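Sharing a structure with you now.
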Amino acid sequence: MKMSLAHLFGNASNSQQLPQLHRLPRIKNDGGHPLDGEDDDDLFEGKFRISYHHDKEFRSTLKEHMHYFLKHPEEMSKLSNLGSMIDGYVKCEVVEKARELFDGMTPKERNLITWNSMIEGYMRSEKCLKFAWSLFVNMPCHLILSKLADWPSTVLIWIDGEIQDMDMIKCLSCETLLSCKDIMAEQQATPNNSIRGLYVVNQIKTAVENACFAFGVVSCANILALATEISYVSVRDAPFTKLCSTKNILTVNGQFPGPTLYVHKGETIIVDVYNRANYNITIHWHGVNQPRNPWSDGPEYVTQCPIRPGGKFSQKVIFSEEEGTLWWHAHSDWSRATVHGAIVVKPKPGTTYPFPKPHKEVPVILGEWWKKDVVEVYNDLQRTGSDASISDAYTINGQPGDLHPCSKNETFKLRVDYGKTYLLRIVNAAVQDILFFGIANHKLTVVGTDGAYVKPVKVDYITIAPGQTMDVLLEANQALDRYYMAAKVYSSAVRVQFDNTTTTAIVEYNGKHIPSSSTPSMPSLPAFNDTNASVNLLSQLRSLADEEHPIDVPLEISTNLFFTTSVNTRPCANGSTCLGPNGGRLSASMNNISFELPSGNNILKAYYNNISGVFGENFPDVPPFPFDFTANNLPASLNTPSVATEVNLLDYNSTVEIVLQGTSLFGGTDHPIHLHGYSFYVVGWGFGNFDNHKDPLNYNLVDPPYQNTVTVPINGWTAIRFTANNPGVWFMHCHLERHVTWGMAMTFIVKNGDINVPQQHMLPPPPHMPPC
């Protein structure tokens, strides 16, 4: 049962439309185009929507037009409907060019015809049916719901071409799909949700009366996995107005924050990243362990060279044990300030949350906003050697909140119903600062961190560092009114300036009520320098550690590592004077080595291909020389680190403990440390110097939290454990952006395992890695 989507959406050719198409003018002999000098902007409006095979003369004329635009893209600005251009490219079988135009459009510019044209283009090739299906399930709900009657045939087209070669084909009646009802009921109604689509198909009985859905041995969960296999990311500049001024920022798909990615536990997806911006870019999937697949991890010059302007990279993102909230962000200079978004990893279909299902789930992304171009902020930091200029505001879901000028109307609002529970998926995407977060008059129940569940912890506020994510339940159990949701800085460093503003959103109860005041109630958050308050939640986090959510804490350690984290200074180049302390430039280090990214190559490529001269293998297991790490008035001789690109080698399946020790150089501060490729168990932490004899006696080896980013408290330490069973090249760094820029980072190389066991080896590189 094959049919064109042009028939489904009412765009098939007919005799009434053909005369209009024959009026399309020919290409001029002088090389010009019929549009030149003519007031005919609507020439292409709605005229490329007829299947080309119905009229050979039309097809020939259309190809001439489209080839002209391929050579003269500037002429496209004369067209009033970019979607018609996409339709034209598709009918001329130039699908990749159509895709480029499609990716460059904003969500508002993409109408039903535009989506249909792209889907139809992909459906003409048996090899591209998954692309067509992926586009279909990613169509905005308001477009799909207006055409419910078209769903069955679309699904049938995909299945007829895609699954017919499966070894075991099982034809099910349409009624059998009702078994998806319970699974669908557990899902969020999102554009990415194919289960909902399959369920709706069953309700349109007249359209699916004689349909046969060939699942083979595939369950509803497998159908969902296929549906979400391909996603598209277009990185480009877009204008945004905040704090009374407008500037261009780097975005994904024209959105800030970027779109939320929805997947299920254990899925694998392909993300095609197109760089339509003027700067190099990479994308990192923060907290996704990527088993054996460092090639798609994303840190610039560590696992890949950047995607250049105009380039593309298809990243295979492998989800394994993660479940909960993660996030994605740029990993190239400071571009993650605006290039970021949430990842929601749902339980596998047929399973559910370890807590009562919430009424609604809401991503809450905390960010940071500069009036100045962030590229200039980064360049000034590098040029002067001094600290970065502070941001002008923090944001909640991209908005500073109504305490800031020109921001009241755009303030994010969460509307709630009394008596219902909401799951807030909180991400700290701020560039520089740890934040306190709370909601006035409401308790927060933390049920997950960094893509792993924890025993519920009820608190008045949370402390969340850059890079961290938290799943928090909000019970709407207060009087019908308006309440501020707010975030403000926690800053322990005595010599560092910081943004001391507060960002707000509004939680507003539905139902008739008279606000208690003109201004919503404000949550009581700790003072900016309250260190004891900052670790309150950390001390209470425990993994579930039950039968459904087992843990595997290494009890016997084969590799003990001790890494110091320090802010330093070093001399300016060529004897010049910088604007850092004592005329030098600010630096940072781990074990007294300031990490330097390689140039012209990346560590993973060099390691895989045995290319020498890119990195050394001498990152020390312990500091080069011991000292009283948290003492006052440390000698100036400790301030200057060495600068190098050194890695630390780990044997496959070794059990690793790392003690991360803060130092009081330049007064000390907190450091949120993130490890790529792994989550780890946080078995202990404390203030002062780590005592190797006493402190391990107090480790939590029963139910420690499982995280990918952990804060080393000011002048304190944190101990983590993991099993090195993910071969590859994996970056570890402070997630305060200025610190990693200064060099507070290092890289692990986890060796392959048994030569006879492929599952213990890194995957081979994908084709078309970005060139160096």
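Among Thr268, Asn248, Thr338, which residue has its Cα positioned farthest towards the positive end of the charge dipole of region 234-347, with +1 placed on the Cβ of Lys and Arg, -1 on the Cβ of Asp and Glu, and the dipole taken about the Cα centre?
Positive-end residue among those listed: Asn248.
In region 676-772, what trypsin sites (Lys or Arg not before Pro) fall in a loop by DSSP, with at most 13 other Cβ atoms inside 10 Å?
For trypsin sites (Lys or Arg not before Pro) across region 676-772 that sit outside H, G, I, E and B with at most 13 neighbouring Cβ atoms in 10 Å, the list reads Lys694.
Considering only the other residues whose Cβ falls under 13 Å of the Cβ of Thr669, what net charge follows from Lys and Arg at +1 and Asp and Glu at -1?
For residues surrounding Thr669, the net value is -1.
For region 335-438, run through the chymotrypsin sites (Phe, Trp or Tyr not before Pro) and keep only the ones in DSSP coil with at most 14 other Cβ atoms within 10 Å of their Cβ.
Tyr418
With Cβ to Cβ distances under 15 Å as the rule, what net charge do the other residues near Leu326 carry (K, R +1; D, E -1)?
-4
Give me the dipole magnitude in Debye, nearest 20, for region 559-760 about the Cα centre, with unit charges on the beta carbon: positive for Lys and Arg, negative for Asp and Glu.
The dipole magnitude comes to about 420 debye.
At 0.36 nm per residue, minus the direct Cα-Cα distance, what do Ser245 and Ser524 gain on full extension? Give it in nm, one decimal, please.
Length gained between Ser245 and Ser524: 97.4 nm.
OK, next. For Asn379 and Thr640 in one chain, what is 0.36 nm times their gap in residues minus the Cα-Cα distance, to one decimal in nm?
91.7 nm
Under Stokes-Einstein, with the Kirkwood radius over Cα pairs standing in for Rh, what whole-number D in µm²/s applies to region 234-347 at 37 °C and 0.692 mPa s?
228
Considering Cα pairs under 8 angstrom that are at least six residues apart, work out the relative contact order of region 513-592 and quote it in whole percent.
Relative contact order comes out at 21 percent.
What is the magnitude of the charge dipole of region 285-388 about its Cα centre, with +1 placed on the Cβ of each Lys and Arg, -1 on the Cβ of each Asp and Glu, and no other charges, expressed in debye to the nearest 20?
I would put it at about 440 debye.
May I ask you to order 739-746, 527-534 by the average number of other C-beta atoms within 10 Å around their residues, highest value first?
So the order, starting with the most tightly packed, is 739-746, 527-534.
Separate question: For region 591-644, calculate the relative contact order in percent as a whole number, restricting contacts to Cα pairs under 8 Å that are 6 or more residues apart.
Value for region 591-644: 62 percent.
Two decimals, Cα atoms only, Kirkwood Rh: what is Rg/Rh over region 559-714?
0.99
Next question, about the same structure. Give me the percent relative contact order of region 651-770, please, defined on Cα pairs under 8 angstrom at least 6 residues apart.
Over region 651-770, the number comes to 34 percent.
At 7 Å along the Cα-to-beta-carbon direction for both Glu556 and Lys420, put a label point, then send me their distance in nm to one decimal.
5.3
May I pose another question? What's the local net charge at Trp369, with K and R +1, D and E -1, over the other residues with C-beta under 13 Å away?
Cβ neighbours under 13 Å give a net charge of -2.
Provide the FRET efficiency to the nearest 0.05 for the Asn477-Glu321 pair, computing r from the beta carbons and using R0 = 22 Å.
0.05
If the chain between Asn609 and Asn536 were fully stretched, how many nm would it gain, using 0.36 nm times the residue separation less the Cα-Cα distance?
Length gained, Asn609 through Asn536: 21.6 nm.
Only the coordinates and a few stated rules stand behind these numbers; no lab work does. What you are looking at is a predicted structure, and each value in this text was computed from that prediction instead of being measured. Methodologically, a virtual Cβ is constructed for each residue, glycine included, from the backbone with ideal geometry; neighbour enumeration extends over all protein chains shown.
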